[in-house]
């Protein structure tokens with residue numbers, strides 16, 4: 001047997017654009033959460049969706065990960081159409097939701113086993129990848145501890161490990177460092193960078209931390225009220241915005257409001273809750 | 001070898017048709033294997049949880065103990081309910097077992113709301129696992145949890161002098177019906193959880209459902225005592241078929257009033273219907 005066949009990964013089309021959307025829109029009743037989004041994200045890059053709570057970032061991710069049907073428009077992820085080929089999309093992507101995605105009543109290793117098996121990673125490969133993932137995120141010693149005893153930073157790292165066991169070509173990270181202290185945040189950044197370099201994964205992350213976007217992203221889209229109001233590399237955006245000192249200033253320039261404003265009661269409650277359980 | 005690999009093989013025109021048919025068959029077999037594996041891994045999670053926190057199994061024993069030791073003892077003495085050739089205790093043990101399985105299963109959907117609120121559900125739904133496999137896995141999980149009730153109620157019945165049937169076939173059959181019953185009511189519960197979406201509303205509805213399901217069944221009195229309208233309700237209540245099957249299997253001299261194959265058929269059909277409904281509702285729970 002060909003050694004390359006030890007991975008279950010079916011032949012995936014090599015596409016120049018890991019994510020492409022055309023007029024992608026989603027409304028909830030009268031509210032247009034995502035307003036005709038046109039994005040083109042090149043394979044192998046780290047792309048940041050930046051904006052305050054309620055800007056439409058999470059709704060965009062939910063549509064791209066097949067969790068939510070678009071109201072109109074099209075999107076392809078890893079070359080597959082999210083509406084017509086949802087199973088192919090799911091096989092090709094990894095997802096770390098904003099909320100908790102590991103089970104506190106299982107150990108770290110058990111959490112990894114469950115997902116490796118749901119993605120049909122064959123046994124030998126599974127054991128190898130789980131050990132490798134645990135080592136990469138520095139949880140080898142804590143692998144057999146119940147996750148409910150983990151710190152917020154450890155949980156985030158475990159979630160990232162869980163999302164890459166099946167070697168996704170596109171990875172979605174929704175607010176990957178919300179509620180983490182600066183040390184844990186830095187550790188997560190290092191891992192995200194490492195995923196790009198060692199697996200060649202395309203990464204789409206949402207954040208409302210400007211520092212995070214500057215640190216990680218090749219390209220950034222500033223979202224405001226469901227629309228992209230500015231797009232470019234962090235440096236480009238800063239120079240376009242009247243030579244702004246920081247991305248924060250650039251944001252105010254493009255969106256006309258500070259990143260701290262915006263968001264509904266529900267968003268705020270959710271962010272606080274996420275922060276509390278990770279903190 | 002992957003089905004895709006098979007398809008990609010250059011085939012002579014003559015067996016091209018045969019080859020695509022083989023490909024489809026291979027994909028079908030692979031899909032079934034994946035489905036079963038996914039069901040098993042979801043159920044495996046439950047075994048870990050039961051092992052780590054068995055307290056629920058103990059607290060769940062209290063209700064059947066009260067029913068058997070108080071209600072059962074009094075009614076046994078009163079001889080107010082005609083139960084044919086069986087003593088009232090013999091008649092009641094399978095009914096109480098079914099009831100405690102129902103009570104475990106009907107609140108099982110709360111786990112879904114919990115997982116939704118945390119974010120675990122999002123993660124499962126983004127995986128390529130079949131929705132049906134996720135729902136079936138949950139149903140089997142409830143079945144595993146309910147099995148403990150079989151042990152508790154059987155032991156209790158034995159202590160009180162019920163005439164239990166311990167043939168291996170009867171025990172296997174009893175366990176099968178317990179898993180089936182728990183699967184039915186837990187999937188029903190999951191469907192409700194998908195609709196109501198909050199814990200508070202779910203608990204309210206769960207409370208409202210359990211008693212009618214229990215009383216409109218043959219669990220503690222035979223159908224023959226019921227007025228016609230209630231008899232009709234009991235006939236469409238899956239719990240009735242579950243009790244009938246358990247009464248036939250568990251009790252020496254127990255006789256089925258509906259036929260065990262009808263019991264099995266009805267339960268399987270209801271379960272398949274509910275799983276299909278659940279698989280359709282499941283992804284909607286996160287909205």
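FYI, it's all coordinate maths here, none of it is from the lab. Bear in mind that the values here come from a model prediction, so they are computed numbers and not experimental data. In this analysis, Cβ positions are derived from the backbone assuming ideal geometry, glycine residues included, and neighbour counts consider all displayed protein chains.
What residue among B:208, B:243, B:179 has the largest mean-square fluctuation in a Gaussian network model of chain B, using Cα springs under 10 Å?
Highest fluctuation of the listed residues: B:208.
Given the rule -39500 (n - 2.57) for each run of at least 4 DSSP H residues, summed and divided by the residues of chain B, what is its mean residue ellipticity at 222 nm, to the nearest 500 deg cm²/dmol?
-24500 deg cm²/dmol
When the helices in chain A are scored as -39500 (n - 2.57) per DSSP H run of 4 or longer and the sum is shared across all residues, what 222 nm value do you end up with, to the nearest 500 deg cm²/dmol? Before the final figure, lay out each step's value.
Values: 10 runs with 108 residues, N = 279.
My calculation for chain A gives -11500 deg cm²/dmol from helical runs alone.
Take every DSSP beta bridge with both residues inside the protein assembly as shown and express the antiparallel ones as a percent of the total, to the nearest 5.
Taking every DSSP beta bridge within the protein assembly as shown, about 55 percent pair in antiparallel fashion.
Mind pulling the angle between the C-alpha long axis of helix B:260-281 and the longest principal axis of chain B? Nearest 10 degrees, somewhere in 0 to 90.
50
Based on DSSP, what percent of beta bridges with both residues in segment A:82-224 are antiparallel, to the nearest 5?
10
How well do other chains shield peptide A:100-112, expressed as the mean number of their Cβ atoms within 10 Å of each residue Cβ?
The shielding value for this peptide is 4.
Answer rounded, prolate or oblate for segment B:39-124, using the Cα gyration tensor with square roots of eigenvalues a ≥ b ≥ c: rounded when a/c is under 1.5, else prolate when a/b is larger than b/c, else oblate.
Numbers: a/c = 3.15, a/b = 2.95, b/c = 1.07.
Prolate shape, in that a/c is at least 1.5 and a/b is the bigger ratio.
How far is it, in nm, from the label point at residue B:195 to the one at residue B:74 when both lie 7 Å from their Cα along the line to the Cβ?
Rounded to a tenth, the inter-label distance reads 3.4 nm.
Sort the protein assembly as shown into rounded, prolate or oblate with this rule: let a ≥ b ≥ c be the square roots of the eigenvalues of the Cα gyration tensor; rounded if a/c is under 1.5, and if a/c is not under 1.5, prolate when a/b is larger than b/c, oblate otherwise.
prolate
Which value, in Å to one decimal place, does the Kirkwood hydrodynamic radius take for segment A:146-250 when every pair of different Cα atoms is included?
Radius from the Kirkwood sum: 14.9 Å.
Taking each residue of B:127-137 in turn, how many C-beta atoms of other protein chains fall within 10 Å of its C-beta, and what is the average? Don't jump to the answer; show the numbers that get you there.
Working: counts 12, 13, 7, 2, 0, 0, 1, 1, 0, 0, 1.
What the average comes to for B:127-137 is 3.
How big is segment A:3-278 on each of its three principal axes, counting only the C-alpha atoms and giving the largest first in Å?
So the three principal-axis extents are 54, 39, 37 Å.
Hey, can you rank B:228-240, A:92-104, B:92-104 by average C-beta count inside 10 Å, highest first?
B:92-104, A:92-104, B:228-240
Quick check: the angle from helix B:16-52's long axis to the longest principal axis of chain B, C-alpha only, nearest 10 degrees?
Value to nearest ten degrees: 40.
Could you tell me which of rounded, prolate or oblate describes chain B, using a ≥ b ≥ c as the square roots of the eigenvalues of the alpha-carbon gyration tensor, with rounded for a/c under 1.5 and, failing that, prolate when a/b is larger than b/c and oblate otherwise?
Here chain B falls in the prolate category.
Report, to two decimal places, the Cα Rg of segment B:144-198 normalised by 2.2 N^0.38 Å (N = number of residues).
It is 1.48.
Using a Gaussian network model of chain B whose springs link C-alpha atoms within less than 10 Å, name the residue from B:34, B:53, B:244 with the highest mean-square fluctuation.
Looking only at B:34, B:53, B:244, the largest GNM fluctuation is found for B:53.
Could you state the angle between the C-alpha long axis of helix B:238-250 and the longest principal axis of the C-alpha atoms of chain B, as a value from 0 to 90 degrees rounded to the nearest 10?
Its long axis makes an angle of about 70 degrees.
Please check: in the Gaussian network model of chain A (C-alpha springs, under 10 Å), which one of A:212, A:131, A:175 has the largest mean-square fluctuation.
Of the options given, A:131 has the highest mean-square fluctuation.
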